[in-house]
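Input: a single structure, listed below in structure tokens.
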Protein chains: 2
Amino acid sequence: MGFDLQQLKNSRGLDLAVWPPRYDPKYCPSSSEEYWFPEIECASDEERDELIFWKLRNQLAYAWEHSPFYRHLWQQFGVSPETLKSLADLAQFPVIQKSDLRKDQEKNPPFGDLLSIQPSEIRRIHGTSGTTGRPILFGVGADDWERFSNAHARIMWSAGLRPEDQMMVCSFFSLYVGSWGALIGGERLGATLFPFGAGAPGQTARAVEWAQYAKPTAFYGTPSYALHLAETAQRLGIDPRSLGFRLLFFSGEPGAGIPATKRLIEGTFAGACIDMGSMAEMTPWMTNSECRHRTGMHLWQDLVYTELCDPITYKPVPFGSEGTPVYTHLERRSQPMIRLASNDQSRWVDSPCPCGRTYPRLPAGIYGRYDDMLLVRGKNIYPSAVENALREIEGFGGEFRIIISSQEHMDELLIRAEYENGEHSSGLNDTARSSIEEKLRDRLGLRPVVELVPPGSLARSEFKARRAIDNRDLYRKSLGKEP
Amino acid sequence: MGFDLQQLKNSRGLDLAVWPPRYDPKYCPSSSEEYWFPEIECASDEERDELIFWKLRNQLAYAWEHSPFYRHLWQQFGVSPETLKSLADLAQFPVIQKSDLRKDQEKNPPFGDLLSIQPSEIRRIHGTSGTTGRPILFGVGADDWERFSNAHARIMWSAGLRPEDQMMVCSFFSLYVGSWGALIGGERLGATLFPFGAGAPGQTARAVEWAQYAKPTAFYGTPSYALHLAETAQRLGIDPRSLGFRLLFFSGEPGAGIPATKRLIEGTFAGACIDMGSMAEMTPWMTNSECRHRTGMHLWQDLVYTELCDPITYKPVPFGSEGTPVYTHLERRSQPMIRLASNDQSRWVDSPCPCGRTYPRLPAGIYGRYDDMLLVRGKNIYPSAVENALREIEGFGGEFRIIISSQEHMDELLIRAEYENGEHSSGLNDTARSSIEEKLRDRLGLRPVVELVPPGSLARSEFKARRAIDNRDLYRKSLGKEP
């Protein structure tokens, strides 16, 4: 490799003589340093690609050996670790979709054939919210968890988080790994962590009070929660800028990468708004993240290798083009994702960033979807899941619309559904509507507002129905926008 | 000391040559072993008291040197670390109350003069829910956090938790340290952790599904949440026994120590119900805990030294008597509590437990309060806080009652309040009541049901008003009961 491995080991505690690499848990740059691993973050493409190729070759060989899921899939497609002669050869491997993971886990519960460590090695369990049926379970080994904390420390360092900071984590601590990544990444770099959480009713006013008591300098959460917190503060007569967040990290929702929203957040809090996030399935490694210059998310390619691809062929597109990120782990043992299709919409560039890092970037973040999945308050909502849930309800008339809007910066999900002609329809009073809302909440993970309309009042489509209407500013403003 | 220190260090990784002690993070007994540190847990009183005395002397000297809070307080009472010639001399030191901590933090925000490390050494921030006004902030150093994980691992080991177990933590991850203790204690002993959390609406049905997917063998949460989970499972047609929890750990609420409730939980889940918990202010060390024989909570005296005291004089009472636990940390650097009065009601004994541990026990757990604090769904509710909140509401008529009951095993808080005579009362319609509920929720941390009654309909007391009525089975069943 082009890197001076002995020097990386001696001065940075990074051992690249073994795969997965070993990280010294005590290594930390001094606060005035810009980079965690400058040699890698500012490397030339050629030099870093050599490192990535070495990691990727090891990751593929590992998956081939330990995961029947990949071995069977790759055999079907006539590829094997031997296929990889250069980094570009990765595009010959098949992409996998979330639905493949779900099917694998249904067939081989609970963790699927994808699991590449012994079940006894699993130390943490997380997962997706599973709104389309069975959720996807993540079983994470202790060594992956540790590498994850090192990755997050390094990434948050690039945005300016330092040991002197106190970070208040205002996202729900549960299945969602993002909150945990912020926690252990922040801990790894030596910051003070204040895991406040979110999700309990009435907690936002408390969050404002606690921010005043504890005086955190950094925030982690979703853009909608931050704006809700700001409005709650204002209602209590408190200027959100007085809370003192100099850094605000966001994931779990689009928005922080969209110029108008970023301006709104930065104006509201007088702090830097940092967009982060790839996919729940890629975490513990959330390796798309902005640096302190906020020029779009860097793709930290030596941690997770990302190809921006054509959304139909999944072949990489040139820099400057639009496509969908396809993600590949490079140092994960427990449940590696190799060419996981996100079906998110983005654009990538390789123009320089003032920070000096040489990673490619998504200058406008992630701004849309190539399928019909909707991201509402951090949850994946599929129109098909709404449909399935409605069809289980007696009195449902068969047609519906999903309307998403912003109410005081919190996403609102309205479901407009027809009731059935005949005897049942008279039963669809307020109580029935409330019970439908409950049922949908149980399935979707968030409570929609349900509006019942007479049979036949919603237009039917002859082709693929587009039942979702997204009225959020976040999406409207992102249409056709350049950063 | 009577212990073979070299042997403890060599075979158990416990270094008692320094205070605070050092724990080897890799030490773990083999799964078939009953004890984590058998030499200490099964020691004679004399031998262990010698260890406790050594720890206590160091803890007092440390507090005297690093905490102006204790130095000033002790000077007022004419005591100093020199006063401690024997363990019994601790009773000469003044007790401190929660309200003292609150006043200290109000005067010296945010952590008070009690903070005994540099603010820059704080790595985690937690706190109380602060329903009576300003909450109490905990600033925990990295070394305390690590000792805490060692303490919890050791205590949960005594209840039978092993590296082979998978523990689902179903309590809210936020300010409350109990959930974090379960998490890091379980991790420290090598178990698989599934931090599911709680608190978000609609999450209980999800918890049932996830228990079915991931097949955890242990549960951590509150008794009311466990019973609510069981009823949710039953509604979904699932026998809670099929979830496979062989161990259920409880804290944050009384109940798991009350024979009727313990029988109910054990019958419902076919698993062992383990009662744990002291006070939020004592955590990270929650050192009252049952062993797998469930004969009442052991007081792990070499981690936190507990005196059962007369509730007025705070002098220790003999074994067999009733009193209030007074807690003293023995290895905490960041915010040590020395003689913190719980004002909880309990009884202690020193009769042998079949487990062989020689710690004193609270055979009926904690079964009441000597003041008027109510514990509802894991939150401390003071009638005075309810009163303060009501008095801020226009149209409130001056008298009220607090009625606590169980609805499907979840605590329900009903506040019956008089409205004011005159023009405002007509405004107290459903919308107004709902807004009062919101205001109370913001203050109390949980939403009560509010019932408005005409002026003068509630009897007034001439003396100290007893406005709280606790109708929960948990309390009714505990009255006058012996284990």
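The values are calculated or read from the model by the stated rules, or taken from the named source; none is laboratory data. Everything numeric here is computed off the predicted structure, so don't read it as measured data. With ideal geometry, Cβ positions are generated from the backbone for all residues, glycine too; neighbour counts draw on all protein chains shown. Accessible surface is based on the protein model in full, side chains and every heavy atom, while ligands, DNA and RNA are left aside. Shrake-Rupley method; radii C 1.70, N 1.55, O 1.52, S 1.80 Å.
Remarks
- For the range B:120-212, the normalised intensity computed at q = 0.16, 0.23 Å⁻¹ comes to -0.76, -1.16 (log10 of I(q)/I(0), Debye sum over alpha carbons, equal scatterers, no solvent).
- Legend: P(r) of the range B:87-154 from all alpha carbon pair distances, 10 Å bins from 0, whole percents, reading 18, 39, 36, 7.
- 7 Å along Cα→Cβ, label-point gaps from B:Glu322 to other copies, nm, shortest first: 7.4
- Residues whose placed amide H lies under 5 Å from that of A:Asp411, excluding near-sequence neighbours: A:Arg377
- Between the helical axis of A:142-158 and the longest alpha-carbon principal axis of chain A there is an angle of about 90 degrees.
- Each semi-axis of the equivalent ellipsoid for the protein assembly as shown is √(5λ) with λ an eigenvalue of the Cα gyration tensor; in descending order they amount to 46, 37, 27 Å.
- Each semi-axis of the equivalent ellipsoid for the range B:294-334 is √(5λ) with λ an eigenvalue of the Cα gyration tensor; in descending order they amount to 20, 15, 7 Å.
- By average C-beta atoms within 10 angstrom, highest first, the peptides B:112-123, B:89-100: B:112-123, B:89-100
- Relative contact order %, chain A, counting alpha carbon pairs below 8 Å whose residues are six or more apart: 13
- Gyration tensor (alpha-carbon) shape descriptor, the range A:193-250, a/c threshold 1.5: rounded
- Counting only Cα atoms, the size of the range B:291-402 along its three principal axes is 60, 31, 29 Å, in decreasing order.
- Debye equation applied to the C-alpha atoms of the range A:45-172, log10 I(q)/I(0) at 0.10, 0.18 Å⁻¹: -0.45, -1.20
- Shape of the range A:9-63, Cα gyration tensor, a/c cut at 1.5: oblate
- 10 Å Cβ neighbours from other chains, averaged over peptide A:187-198: 5
- Largest-first principal axis extents, alpha carbons of the range A:215-327, Å: 53, 26, 23
- For A:Asp372, inter-copy label distances in nm, listed shortest first [label point 7 Å out on the Cα-Cβ vector]: 5.9
- Taking amide H positions as modeled 1.01 Å from N, with prolines and chain starts lacking one, the residues under 5 Å from B:Cys309 and 5 or more places away or on another chain are B:Val317, B:Thr324, B:Val326.
- Antiparallel bridge percentage (DSSP; both residues within chain A; nearest 5): 65
- Shown for the range B:149-284 is the translational diffusion coefficient from the Stokes-Einstein equation, using the Kirkwood radius over Cα pairs, a temperature of 10 °C and a viscosity of 1.306 mPa s: 109 µm²/s.
- With DNA, RNA and ligands ignored, accessible area of A:Met297 (1.4 Å probe; Å², nearest 10): 0
- A:Arg377, B:Arg235, reordered so the largest accessible area comes first (probe 1.4 Å): B:Arg235, A:Arg377
- Zone residues, the range A:81-103, relative to A:Arg57, backbone N less than 12 Å from point 7 Å out along Cα-to-Cβ: A:82-87
- Size-normalised alpha-carbon gyration radius of the range A:263-341, reference 2.2 N^0.38 Å: 1.25
- Helix A:98-107 axis, angle to chain A major axis (alpha carbon atoms, nearest 10°): 90
- 10 Å Cβ shell holding at most 12 others, DSSP loop, chymotrypsin sites (Phe, Trp or Tyr not before Pro): longest site-free stretch of chain A: A:78-462
- From phi via Karplus (6.51, -1.76, 1.60), per-residue ³J(HN,Hα) for the range A:410-415 in Hz, x at Gly/Pro: 9, 4, 10, 10, 10, 10
- Protein-only accessible surface at a 1.4 angstrom probe places the residues B:Lys215, B:Lys55 in the order B:Lys215, B:Lys55, largest first.
- Compared with the dominant principal axis of the Cα atoms in chain A, helix A:45-66 is inclined by about 70°.
- Take each residue of peptide B:166-178, count the partner chain Cβ atoms within 10 Å of its Cβ, and average: the result is 4.
- Interchain or long-range residues, amide H under 5 Å from B:Ile381's placed H: B:Leu374, B:Leu375, B:Val376
- Using the Cβ-Cβ distance between B:Lys85 and B:Lys107 with R0 = 41 Å, the FRET efficiency computed as 1/(1 + (r/R0)^6) comes to roughly 0.80.
- Number of partner chain Cβ atoms within 10 Å, mean per residue of A:213-224: 2
- Among the listed pairs A:Lys379/B:Lys98; B:Lys103/B:Lys379; A:Lys55/A:Lys315; A:Lys215/B:Lys55, those beyond 29 Å (Cα-Cα): A:Lys379/B:Lys98; A:Lys215/B:Lys55
- Across the identical copies, how the A:Val18 labels are spaced - nm, sorted shortest first, 7 Å along Cα→Cβ: 2.6
- In Hz, Karplus ³J(HN,Hα) per residue of the range A:71-85 (6.51, -1.76, 1.60; θ = phi - 60°; x = Gly, Pro): 4, 5, 4, 5, 4, 4, 8, x, 10, 8, x, 5, 4, 7, 9
- Cα gyration tensor shape for chain B, rounded if a/c is under 1.5, else prolate or oblate: oblate
- Considering only chain B, the C-beta nearest to the rotation axis that sends B to A is found at B:Phe173, 2, the distance in whole Å.
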